[in-house]
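One structure is given here, and the rest of the page talks about it.
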Amino acid sequence: MHLQSSESTGPGATVDGKFDNTSKSSSLPFGQNISLSSVSGPTYLTAQTLIQQVSYALSSTLFTYSPSSWDLDVAAKSWSATGSRNASGDVPSVYALETRHGAGAMALGYMFSPDFDLSKRHVPQSILASAASLEYLRPSLDQLSLLYDVANPTALQVAAVDYAPETKTGLVTDYVSALNVAEEMGMGLVASKSAFEVQHMALLSTIMASVVPAMHTYDGITVGRETTRVIDVLNVDGLKKVYDAVLEGAKGDLGSKRLTNEGKVAKLVQAFNAELGTEYKCFEYSGHQAPTNVLVVFGTVESSLSAQVAEKLVEQDVKVGVINVRVYRPFVEEEFLAALPSGVQQVTVLGQVKDQTSVTDNSISSNLYADVLAAVNFQSMNVGSEPSVYDIKYARDVVWTVHRMERLLRHVATAPGKEAEPAPPITLTSEETRQYTFWDVETSVGAEAPMMLGQLLSDDSALNVTVRSGRDNLVQGGAVRTDLRCSPKSIEAAYSVKEADVVVVGEEKLIKEFNVVESLKEGGSLILKSAGWKDEDVEKKLSTPMRKAIATKKVNLMVLDPSLSGKVGEEPEMEAYLLQLAFLNVATPDVYEKGLKKLMSAGDALEKLAQDLDIALKQIEVPESWLTVELEENDALPPTEDLHVNSFGMVDRTEDEPPSYLRTWETAARGLAFKEAYGTATALRPDLGVKTAIVHVKEHRRLTPKTYDRNIFHIEFDLGDSGLKYEIGEALGIHAENNQTDVEEFIKFYGLNPEEIVEVPTRDDSSVLENRTVYQALMQNVDIFGRPPKRFYEALSEFASDEAEKTQLLMLGTGGNQEAAIEFKRRAEVDTVTYADILLEFPSAHPSFHDIVRIVNPMKRREYSVASSQKVTPNSISLLIVTVNWVDPKGRDRFGQATRYLDFLPVGAPVTVSVKPSVMKLPPKSSAPIIMAGLGTGLAPFRAFVQERAWQREQGMPIGDVFIYMGSRHQKEEYLYGEEWEAYQDAGIITLLGRAFSRDQPQKIYIQDRMRETLSEIRRAYLREEGAFYLCGPTWPVPDVTEVLEEAVEVQARSEGKKRDGHKEIERLKEEGRYVLEVY
């Protein structure tokens, strides 16, 4: 079924067949296959489809290096498989190859094989790859460059994307790899600014390949996968015509021995423009007509955003401009200097580097900076004057937003030592543009609804529609955010929607993960899908902060309850269409009403759904009391961060559950005796999916009195020869073991043989089995003393032979009635029962051990902030731990598994550990002040920070002020590292020590109170001297601490005769990395 509008609307997306509610790939238009002949004229496409079309049309062979879910070649493979012919009348071969050492060898071997048809030496060859593949292609590209005079013209289409597991985002936009390869191999390099020009740039790079091996790079995470309407798409024949005409027109110049490669490329660009009627330049200027400062950028999102923001700033007479580097190699200096406006006093290069370490390393400069500096110096030799040139570096994981780019350009335009004048934030979205955001999980029936709606709306030829999706497979098993924009004008929006007219949440769990109200404009509508909704449960479903945010923004709150639809009850897949109708009803009533009159291809189904919608979609009253509701200590909205894109495809949920049968010791013996035959490998904790090391306990020191009810201790590990490296602010993952006595008791009670061998699936690949003894599995793999979820009760019911036990387990596992739901909650939160407890309680449910391995969750590592700096203690690492323990209603002592494990470790004991990156980093400049606020064990990373600052001073570096605010209950018992703090204060490292012991006096005193007492010092260090603020510990003080900082912002602004919104300023500082939270 496909929802259609009621009118014929002219050219739109032409896809193979009806929309079947299943996305083929995020790199295809609306997620659907598209025929080669349909890529023509005004139509809806993705940049990646256009790039594949150019390569397919002009090449005889395509060599592709694409991870399976990235689909950089999905359209080309489909065209080749269906026999679609290219511009030469041939069906190109598409070789999908693996990215590994030796990559590219096949392409070289093909071109230089003895039986290669030399009459086709002029025919281009194409390589489709990601930036992640370039390192592996480098040796072959090096050989290609050396042999290029006798090789085919070769063009690489490179998606600027790499996977960086150490970053928060997971997937990063990587231009550094292409910049490095182009510079070192002497290759041409072109970048696209938007999807509207990506076909032209792919074509230009293929034409440039007649001079030098050429690369075209483009954003591979968002812009490359966004479905948008492109007006002037060249078809296969049109591409060939332009290709031949440009080469023919420049033939005389290309054969000239007097022209350098730079000159030849400049001539090709001129001929290209003449043929297409375009005005492309190697370097393109945007912004103020008489700028004093210019920013030089490279990259799709960077160029698009900076140009649009610079043009908007012209309206405020901000004298700043932007130069977009379209052709980086060859770097035509004369063209760059021609693009640089006269009178410019400062040129700032926005240059990408690999990671945050490179950003802070002053010995590393960006590739682009070196070229711009050389060009400016060249000009000064001829003219006698030169602007100053600066390098602003950013890491690959930086996500550029309108706000971030605006802040950067204002900073560039401001004279050193001065502060940018306050100004209203700009918006790039036109008033007629309508914006919508959809949140869902990929397993939801309605997950494809946004794409289906995008295709429906694209049927209107008067509208331009863009649809872009991002996936975070680490949230709720696969969270999906889709932004949909509609406008009568072309839309170039390389950023997420911030002011949505409507936000649709298809999975209510996501409102606890993301601040969905943040991206909604004031007075907008929020549609929440919630099955079995009851109005009296509104305060249970919506948190207090969320209700307050809804009231503050005057949100029109709607709930869609699909359980009220009879049609959905009969056919669950109809839920996606019910969601579409609900959206159309709220967002575009005119389209909804017209559509209902004809329902072109839907038959009676949509009519029935439309009738159901009247009862399934309800408006929720937002009482005024929500505006004044009081927040509890731990109440806070989720972070305002956008979804982190870390995947392009769904999680593979095919669960091949290999049998974990019990074996004898002979199984392990055979594996050890015949390693090659059995694929045996010796590894440290092979069951773990992260790089681990063995360290040994060096010191174990309790910091609180033994008579005190909280056991907080300092534990230090000797790194020995482990090679473990860590940075301040990072966390140490402890791969704990279960308690030996508890394991032995469970083995005895359950009747297990501890020496039997069990095959368990590895963490990384469920098809690969590891042999472990039952004892090893219970000590290190199986979380048998952890808290069971509902699904364990349900799974265990299958093994129960007693009907009463079977029924009780099934009710607990499914929440069959209200009593069962209450009972499960009591067991989980009050009784704190474990898997082992349940197996003991229900004796008739006695699964075999290989079934236990299957239905009990694996043990997870526990992460703790590092409390030391490796520069100060190079051979050790420290943690600050509080033991988690309690007594259950039956009087049994209960313990947190990892803290109990650590507390019982003797000096010298080995521990398996791994390092996890963190957002807690010191400012790049040692002279920047730092303000730290920590509660309890939240002081751990700040001990490392202070140690690092002390080390910096010892090295002769200037250090900024160090403020530390600490909070706990009693000074006598919980003054953690108190003597160290005072020693650092006496030594002049710590400037201010704010101690808040809440229960040492009649009135409660918290860290926010100590901060407010020193507000003037915070204003100086944080605002005037551009310091950084850090908070670590529990979540409850976040609103109060943030309120103090907002107050500091507003008081400081008033003292300067200005007006500034504290909340917005803190949000800005957060984006700059000057307001950092690590709370739990």
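Under 5 Å between amide hydrogens, built in the peptide plane, is the criterion, and for Gly994 it picks out Ile964, Tyr965, Met966 among residues at least 5 positions away or on other chains.
For the listed peptides 37-47, 481-491, a ranking on the average number of other beta carbons within 10 Å per residue, highest first, reads 37-47, 481-491. For the range 87-123, trypsin sites (Lys or Arg not before Pro) meeting the loop criterion (DSSP other than H, G, I, E, B) and having at most 14 other Cβ atoms within 10 Å: Arg100, Arg121. Take the Cα of Asn739, step 7 Å toward its Cβ, do the same at Ala821, and the gap between the two points is 3.4 nm.
Each peptide in 323-332, 370-379 receives the mean, over its residues, of other Cβ atoms within 10 Å, and ordering these scores from highest gives 323-332, 370-379. Just to verify a number: FRET efficiency for Arg969 and Ser388, C-beta to C-beta distance, R0 = 51 Å, to 0.05? It comes out at approximately 0.40. Backbone geometry of the range 791-798 corresponds, through the Karplus equation with coefficients 6.51, -1.76 and 1.60 at θ = phi - 60°, to 3J(HN,Hα) couplings of 5, 5, 4, 5, 5, 5, 4, 5 Hz, x marking Gly and Pro.
For Val441, the residues whose modelled amide H falls within less than 5 Å of its own, excluding neighbours fewer than 5 places apart on the same chain, are Val480, Glu507.
Remark: the chain carries 43 Å² of accessible area per residue (probe radius 1.4 Å; ligands, DNA and RNA excluded). Projecting the Cα positions of Trp1036, Val1051, Gln1001 onto the charge dipole of the range 992-1058 (unit charges on Cβ atoms of Lys, Arg, Asp and Glu, taken about the Cα centre) puts Gln1001 furthest along the positive direction. Relative to the current alpha-carbon distance between Glu315 and Leu631, full extension at 0.36 nm per residue lengthens the span by 109.6 nm. Matching the structure-derived Cα extents along the principal axes in Å against the labelled list (i) 183, 74, 68; (ii) 92, 73, 72; (iii) 147, 124, 82 gives the label (ii). A full extension of the chain between Arg85 and Lys251 corresponds to an added length of 57.0 nm, given 0.36 nm per residue minus the alpha carbon distance. Highest-first packing order for the peptide set 290-298, 354-362, 923-931 is 290-298, 923-931, 354-362, based on the mean count of other beta carbon atoms within 10 Å. Taking the C-alpha atoms only, the angle from helix 589-598 to the longest principal axis of the chain is near 80 degrees.
Beta bridges per DSSP, both residues in the chain: antiparallel share near 50 percent.
Expressed as a whole percentage, what fraction of the accessible surface of the chain belongs to carbon and sulfur atoms when a 1.4 Å probe is rolled over the protein heavy atoms? Looking at the chain in its full context, I get 49 percent from C and S.
Loop-resident trypsin sites (Lys or Arg not before Pro) (DSSP state other than H, G, I, E or B) in the range 521-597 with no more than 15 further Cβ atoms inside 10 Å of their Cβ: Lys534, Lys554. Label-to-label distance for Asn261 and Glu508 is 6.1 nm, based on points extended 7 Å past Cα in the beta-carbon direction. For the pair Thr278 and Lys890, a Förster radius of 60 Å applied to the C-beta separation gives a FRET efficiency near 0.15, rounded to the nearest 0.05.
The values are calculated or read from the model by the stated rules, or taken from the named source; none is laboratory data. Every value quoted in this text rests on a predicted model; they were computed, and no experiment measured them. All Cβ positions, even for glycine, are placed from backbone atoms using ideal geometry, and neighbour counts span all protein chains on display. What goes into the accessible areas is simple: the full protein's heavy atoms, side chains included, and nothing from ligands, DNA or RNA. Shrake-Rupley method; radii C 1.70, N 1.55, O 1.52, S 1.80 Å.
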